[in-house]
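Below is one structure; the comments refer to it alone.
What follows draws every value from the coordinates through simple rules; no lab data is involved. All values reported here derive from a predicted model rather than from experimental measurement. Methodologically, a virtual Cβ is constructed for each residue, glycine included, from the backbone with ideal geometry; neighbour enumeration extends over all protein chains shown.
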């Protein structure tokens, strides 16, 4: 059984969805507008959201962006808009699936099961480790070399997205879409600032990176630091001091005899 939030302004459709989903064992909550739906997403933490785009107070695409800014809950867009731009815009904004009205209850139920399976798979990989950097997704905590690192919500989301793909260069357009939920750009400066803050909290800088590496003109790569090279030994293989000259060159006092002086002396 899942906790399903239905964000739908049409009373008839809303009641029909409640009845259908309840019959299939789900616990169903409803919201008649976008702001109420957003409040319930934050306060009640549903397992999945069914979101209409044609809401009376806020456009559904905007509601979707606001949901994505606060939670990674699966969202299925349920709407009468079947034109390609609306579908693409909703999916780019973070919708997990898209269902066009009218639809059969069995189809919607199958899609709910599918997004919940995907969410469960993602939750299973709840710990991301890159070198001595550990990102715990469920409690949203980060440790570096065993010490806690305090991050803001956006800094954590940025680090978690990069940690999910260690060693790969992630382009800034993807980060803006997946972390900032701004598919068409406009937050590049904010991304650069948050990267700078994140580097500082990880004890590094752009000039001297350890984990976060900028690839000019491409994006950001998160990777474990290379192991420190061994210090060269100052001793000979047998543990003694390396000989600097032949013992026969030493004078009676144990110091080195200058061969230049010997050759310069007259017979």
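Structural remarks
- Spatial extent of segment 26-70: Rg and Dmax, with the Cα atoms as the point set, Å: 9.7, 27
- Across segment 3-124, the volume of the C-alpha convex hull divided among the residues equals 95 Å³ per residue.
- Segment 83-161: equivalent-ellipsoid semi-axes (sqrt of 5 x gyration tensor eigenvalues, Cα, Å): 35, 16, 8
- Rg/Rg_ref, segment 127-222, where Rg_ref = 2.2 N^0.38 Å and atoms are Cα: 1.00
- Cβ-to-Cβ counts within 10 Å put 127, 143 in ascending order as 127, 143, the fewest first.
- Neighbour-count ranking [beta-carbon atoms within 10 angstrom, fewest first] of 66, 1: 1, 66
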